Amino acid sequence: MEADEPTINEHWASLVPEDLADNAVALQFPYVEQAGLGDGNDLKTTQRLHFSGGGNTMVYTLDHEAMDEELRLAGDGKNQHDVYKIGAKTENDIKSFGGVGVNINGDFHVETTSTMTETDSKESKTSISFTLGDPDREDEFVTDVYIDETHGTFVFPLISGRSKNPHEPNTEWGERPFIDMVSYPLRPILPDEEIVIQLKIANFGKSNSSFNVYLDHVTNKEGLTHDLSGDSLRTPINYWLDSDVNFEQDLTIKRGPEAFLYEKSKIWMVGEWDGYGVEGVYTEVYNYIDDDGKKWIKFEEPCPTVEWAGDLKRDRGFLANVNDGTILLSVYNPSHAVGSFQDLANRTRLETVNVLYRQLGDVEWERAFVVDGTDRLYIDFANPAKTLWEENSFGYANIEWDIGNTLTADGNYELMVETVCTADPNLKSAPDNFNGYAAIPITGVMDRKIPKRYGSPLPLGDIVIPGEEIAVMFSEPILCEQPYRFDINVTVSGIPGYFDERNLNIFCSGRKLAFQFDQTNIGYDELMGRDMNVTINKVSDRHLNKMNELDPIDFSKTLANLNLDEVTTSFQFTVDDDCDGSVDGEALQNQIAGILALPQPSRIDIQSAVCNNDGTTVATVMIGPALSAGTLRRKLSKADEDAITLVHKLMGKTDTRNGNDGKVGSQRRVLANGKEFHVGPMRITPGSGDKKLLDTHPDLQLEEEMIRSGGETLLLQKKRIHLMENKLEGDIDEVLEALKLERQELHLVEMVLACGFVGGNLLLLAATCFFMRR
């Protein structure tokens, strides 16, 4: 002890001034004794205060006269001004007036002001005051008041009460949040499902209070979605809870964008004031505990997906023709950010990523493979046998598939890529694709046959009518898109140069390639009696298989030299008329006859006429022969001209027989009423004298029909079968090959022949025979 430090021998311990306590008189009321308030001596030991919150304060002040005697030895001779905010954790060994040890810990504010002066004569002047208060209305505090004998300051230990914001020791909880996970689903959760967890939420404090419930985002790094009874926990959810109220709510958790296994989440509940969670509580939510006891949020992981990529994805198909030996198979791993197929095969249920194929119509799939020397290597992107199959960092993998070793037969095929995973016994009721995934199959074509001419050029006779269609049929549909990729070249004896697609009318559709001479470039009468040669080359089928250019189609025909006076012509006649739905055929006949200056309009026959929606009149017109049908076959008049010449006149074409160039005139063609008209392609019908020479033999007509329809005449089939029966016995495959028939076609042939038919369309006759036999 310092030499000049005063010694405290005695002190006054009550909050009531000593002189007042000495003069106090006990009240003579029953409740005083019942309450145990004691007598006047109790006042001398009063050192406990009880106050409540709500904004009011309690002020206690002792002046100099009241404290002169009591505190003259209590100070250390220093001027002091102390402000305390009780609530910071302090531990002081303090001796009260009665020698009781206390700890300071509270949430109320205490202000003390102490000025002490000590003189040799022991005169002192002291002024002491403190204020007690709390802003929370429902808070209450009971505290003792002591003086620190060392420092001479007040000490206020809490004895009891109720407190919140925050809670003080030795007091009841004003608000007490509670949150806990009650239950979680034990069954496996599929990726598209929600995890539903029950949470219990309560306020076990003594006061009604406001609380916030929120997700600890630090525990949700991979994007899970948490909703509490439909409200998102991205931001805090506020609850006003009465005292001792508790209830349960559903917490739903949805999977994030990529992962299937997540760390457990924390859900906090705090007082609305408690932004830092000083008095908050939390619960951990999860639905899976691993073998090591670690808790997780787990969604069952389906088998990884795989998709087509590259040309296969863009075209949704493939084409392999005679020029192709391989197909580039490209696939994409949508989960490449998580790992390559090879990585996933090492740490998930993934086993293989296969490529399958089958011919269209087949049921069973076959695994695609490549041949490496003598080894057959099945294509598996999860277990690449070659580095060329390995997946790149962007999730793509490619392989050149040698189709020559696999797709041995031409036809339509399906390609499919799939993933296969080990089956999980706990997921027997999961969807079919949970243990495997198959991308949408791609349909493709394997066609390695080049187009060939089917039958002879049509018409089958050696002599053809000028303007008649000349056609070549092929064994399969050919490529007809314009600009044409094939070559067609026609030369006519006695006419310089050649004709091609620039000056021929070409028709291409399906299996048929045909042409006509364009009457606007050359008159049909100029072609009569001449020989023509036709060369066709570079024809491709629809799968771009091109015919052998060294073996073009080449044939010759003679253009008939017709008796023009017996010729009948027909053509399409179009008038840019504002017709109103009906056509006056007789008026149209007279108008055409007027243009041609025909003395007899009867040579003009309007076979049909319609009014189109665009107001044009389209008529099929026939011009009869120049000779009468009478016995004398004489000219009707000198002014009559043959039907071909009359059509040329309608077209504005000059007649080469009169020394002109035979070109179509440039003048605008109009009727007498001023309406413009157009003349379509002309068809020539020979007279009776020429027709006998040009008519096709009945057998050739049947063959011609079958060539056009893609089959043979049944008469020829019957002859060939009879021929083969004499040379082959029982080897039906050789018969079919010799006849170029499929097995199902042979059955139709046998059925049709049994019905007695000898010619016609095979399928039509087979159907007729079928119904006859019923």
Can you tell me which of I440, I450 is aliphatic (A, V, I, L, M), in a loop (DSSP other than H, G, I, E, B) and open to solvent by 70 Å² or more (accessible area, probe 1.4 Å)?
-> I440
Look through region 207-250, keep the residues that are closer than 20 Å to E194 by Cα and in contact (Cβ under 8 Å) with a residue 60 or more places away in the chain, and return whichever of them is surrounded by the most Cβ atoms within 10 Å (Cβ to Cβ).
-> L224
Reported set for region 283-301 where residues are of a type in the set (V, I, T) and open to solvent by 30 Å² or more (accessible area, probe 1.4 Å) is I289
Only residues that are in a strand (DSSP E or B), open to solvent by 50 Å² or more (accessible area, probe 1.4 Å) and within 24 Å of A619 (Cβ to Cβ): list them for region 550-607, please.
-> Q572, D605, Q607
Read through the list (1) out of contact with any helix residue (DSSP H, G or I) (no Cβ under 8 Å at 6 or more places or on another chain); (2) open to solvent by less than 70 Å² (accessible area, probe 1.4 Å); (3) more than 24 Å from I440 (Cα to Cα), then give the number of the only condition that W273 fails.
-> (2)
Would you mind telling me which numbered condition in (1) of a type in the set (G, A, S); (2) surrounded by 16 or more Cβ atoms within 10 Å (Cβ to Cβ); (3) modelled with pLDDT under 85 S429 fails?
-> (2)
Output the strands (runs of 3 or more DSSP E) that fall wholly within region 235-337 and possess 2 or more residues being closer than 30 Å to N545 by Cα, modelled with pLDDT under 95 and touching a strand residue (DSSP E or B) at 6+ places or on another chain (Cβ under 9 Å), or say none.
-> 317-320, 326-332
Please go through region 352-398 and pick out each residue that is touching a Lys or Arg at 6+ places or on another chain (Cβ under 9 Å), open to solvent by less than 50 Å² (accessible area, probe 1.4 Å), among the hydrophobic types (A, V, I, L, M, F, W, C) and closer than 22 Å to G411 by Cβ.
-> V355, L356, F369, V370, I379
Among residues of region 519-549, those that are closer than 24 Å to N563 by Cβ, in contact (Cβ under 8 Å) with a residue 40 or more places away in the chain and either assigned to a strand (DSSP E or B) or within 55 Å of the chain's Cα centre (by Cα) (or both), counted = 1
For E279, work out the one condition from (1) surrounded by 14 or more Cβ atoms within 10 Å (Cβ to Cβ); (2) among the acidic types (D, E); (3) farther than 14 Å from F178 by Cα it doesn't fulfil.
-> (3)
Residue check for D139: acidic (D, E) and either open to solvent by 40 Å² or more (accessible area, probe 1.4 Å) or under 52 Å from the mean Cα position of the chain (by Cα) (or both) = no
Within region 343-401, which residues are assigned to a strand (DSSP E or B) and in contact with a Pro (Cβ under 6 Å, 6 or more places away or on another chain)?
-> L350
Looking only at region 474-509, count how many residues are assigned to a loop (DSSP other than H, G, I, E, B) and either open to solvent by 50 Å² or more (accessible area, probe 1.4 Å) or at pLDDT 90 or above (or both).
-> 19
Count of residues meeting criterion [at pLDDT below 90, small (G, A, S) and not in a loop (DSSP other than H, G, I, E, B)] in region 161-185 = 2
Close pairs from region 554-568: first touching a residue at least 12 places away in the same chain (Cβ under 8 Å), partner open to solvent by 30 Å² or more (accessible area, probe 1.4 Å) and of a type in the set (K, R), Cβ under 6 Å, at least 6 apart = L559/R530
Residue in region 553-563 that is of a type in the set (A, V, I, L, M), closer than 26 Å to H648 by Cα and at pLDDT 90 or above present = yes
Before we move on, is I470 open to solvent by 20 Å² or more (accessible area, probe 1.4 Å) and within 27 Å of D690 (Cα to Cα)?
-> no
Could you tell me which residue of region 399-423 is surrounded by the most Cβ atoms within 10 Å (Cβ to Cβ), considering only residues that are touching a helix residue (DSSP H, G or I) at 6+ places or on another chain (Cβ under 6 Å) and closer than 20 Å to R347 by Cβ?
-> C421
Tally time: how many residues in region 195-206 are open to solvent by less than 10 Å² (accessible area, probe 1.4 Å) and part of a strand (DSSP E or B)?
-> 6
How about region 517-537: which of its residues are at negative phi, open to solvent by 10 Å² or more (accessible area, probe 1.4 Å) and touching a Leu at 6+ places or on another chain (Cβ under 7 Å)?
-> D518, D525, M528, R530
Any residue at all in region 302-312 that is within 25 Å of the chain's Cα centre (by Cα), among the small types (G, A, S) and open to solvent by less than 10 Å² (accessible area, probe 1.4 Å)?
-> yes
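The values are calculated or read from the model by the stated rules, or taken from the named source; none is laboratory data. What you see is a predicted model; the values in this text were computed from it and never measured. As a convention, Cβ positions derive from the backbone with ideal geometry for all residues, glycine included, and neighbour counts pool all protein chains shown. Side chains are part of the model used for accessible areas, which takes the heavy atoms of the whole protein and leaves out ligands, DNA and RNA. Shrake-Rupley method; radii C 1.70, N 1.55, O 1.52, S 1.80 Å.
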